[in-house]
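The values are calculated or read from the model by the stated rules, or taken from the named source; none is laboratory data. Everything numeric in this text was worked out from a predicted model, so none of it was measured. Cβ sites come from the backbone with ideal geometry, for glycine too, and all protein chains shown count toward neighbours. All accessible areas refer to the heavy atoms of the entire protein, side chains included, with ligands and DNA or RNA removed. Shrake-Rupley method; radii C 1.70, N 1.55, O 1.52, S 1.80 Å.
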Amino acid sequence: MTSNQEIIKKSESAFIGTYARFPVAMAKGSGCKLHDADGKEYLDFLSGIAVCSLGHCHPKVTEAICDQARTLVHVSNLFHTIPQTELAACLIEHSFADRVFFANSGAEANEAAIKLARKHSSPGRYEIISLEGSFHGRTLATIAATGQPKFQLGFEPMPDGFKSAPFGDITALSAMINESTCAIMVEPLQGESGVRPLGHQYLRAIRNLCDKHDLLLIFDEVQVGMGRTGSLFAYQQFDVTPDIMSLAKALGNGLPLGAILTTKDIAASFTPGTHASTFGGNPVSCAAGLAVMEVMLEQGFMSSVLSRGDYLSKTLKSIAQTYPSLATGSRGAGLIQALVLTENGIKHGAEIVNALFQRGLLANFAGNAVLRFIPPLIVTEAEIDEMRTILDSVLSTFQ
Ligand code: PLP
């Protein structure tokens, strides 16, 4: 078998250097465990960045993918297909929405959301207000919507029509609305910038602003949708309904699949030829998505996400109490949880993540502020205890 070192050497001379990867080649996965090319085991509290929410190679998802790959892989959106139609119907049945458009990724889903908001509101209303600290993707429009200038650096000029309001300040957000504004776009809980929940009150106030000014409310649930916060969609957890919602990541449990969901009335603004994707909603990805939905809709699935989330949150709180020089507490919802670091902890954030990796635990340093834990939603309390043991052993060396 090819070793880590052989693969890394080949990989480093082959790729455009956009990624700072861990020095490892992952070879196989099962549940919450990954194995590298040298056979070392890792406990995965990253889930391929909130993607493999049913764990690696979930038997039902694998079976659905294999069956569909033997039946029909691609025909384009010039034709109807069974998996795409069934997945759309299932998403509609379990959400606020009446209509779905499929894409291949989170950024593409957000592009579709942005285009739909503009199309629905035009002429003259095109501006979208997002929040500082948000992350909406890496295409030009989605970096323009992303409220973090570091992602825009070197790619200017940005497409026109995007502004970011200070996080948590409803008065400032309100003051930014003008006659060109068509939508407000937020993540109900900011994932990339450090697991920052907006909370029910803030989200409700944003919804009220949208209603008052006739603006569309877009929820980017690419990271926090599909069960991550303990309900199928995060808006259900925070009890505020958007007009357009984007999904991706866990929707396909690893196969490329994104979507926007919206109402019949708003959807009517997209007519044939206004938006499209060659691969979007391909049969294999949609078969995977249907299998994901079936598992997540099983009785007791979401309540177990909530109880394990609670256990993870308590574990991180107790870790923070043990290491007050490194951490102040925990925050999050369901199974997106963060250990909030002190200034000193932040200074060592990247080193801590590397030390965890060396000891076989995968987590990451998000928003230059927290250690983020986003395990598969099937994680057990025993695996959370295992995570705690590794975290404990690493933090004790950084005190
Ligand atoms: N939106 C959010 C909230 C995300 O977290 C991400 C990715 O991390 C994206 C959009 C972009 O998704 P993708 O990388 O699939 O384009």
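Kindly provide the set of residues from region 138-160 that are free of Cβ contacts under 8 Å to residues at least 40 places away in the same chain and in a loop (DSSP other than H, G, I, E, B), ordered by number.
Within region 138-160, Arg138, Thr139, Thr146, Gln152, Leu153, Gly154, Phe155, Glu156, Pro157, Met158, Pro159, Asp160 qualify.
Run Gln399 past the list (1) closer than 13 Å to Leu316 by Cβ; (2) in a loop (DSSP other than H, G, I, E, B); (3) open to solvent by 60 Å² or more (accessible area, probe 1.4 Å) and report the number of the one that doesn't hold.
(1)
Tell me which residues, restricted to region 225-273, are open to solvent by 40 Å² or more (accessible area, probe 1.4 Å), more than 29 Å from Leu312 (Cα to Cα) and touching a residue at least 60 places away in the same chain (Cβ under 8 Å).
Within region 225-273, Lys264, Phe270 meet the criteria.
Being open to solvent by less than 100 Å² (accessible area, probe 1.4 Å) and among the charged types (D, E, K, R) is the filter; apply it to region 1-37 and report the residue that is farthest from the chain's Cα centre (by Cα).
Asp36
Of the residues that make up region 141-149, is at least one farther than 22 Å from Ala109 by Cβ, over 15 Å from the mean Cα position of the chain (by Cα) and away from the ligand (no atom under 12 Å from the Cβ)?
The answer is yes, given that some residue of region 141-149 is farther than 22 Å from Ala109 by Cβ, over 15 Å from the mean Cα position of the chain (by Cα) and away from the ligand (no atom under 12 Å from the Cβ).
Restricted to region 154-202, and to residues that are open to solvent by 20 Å² or more (accessible area, probe 1.4 Å) and in contact with a His (Cβ under 9 Å, 6 or more places away or on another chain), which residue is farthest from Ser121 (Cα to Cα)?
Ser174
Give region 127-153 a look and list any residue that's open to solvent by 40 Å² or more (accessible area, probe 1.4 Å), closer than 19 Å to Val222 by Cα and of a type outside the set (A, V, I, L, M, F, W, C), or say none.
Glu132, Arg138, Thr139
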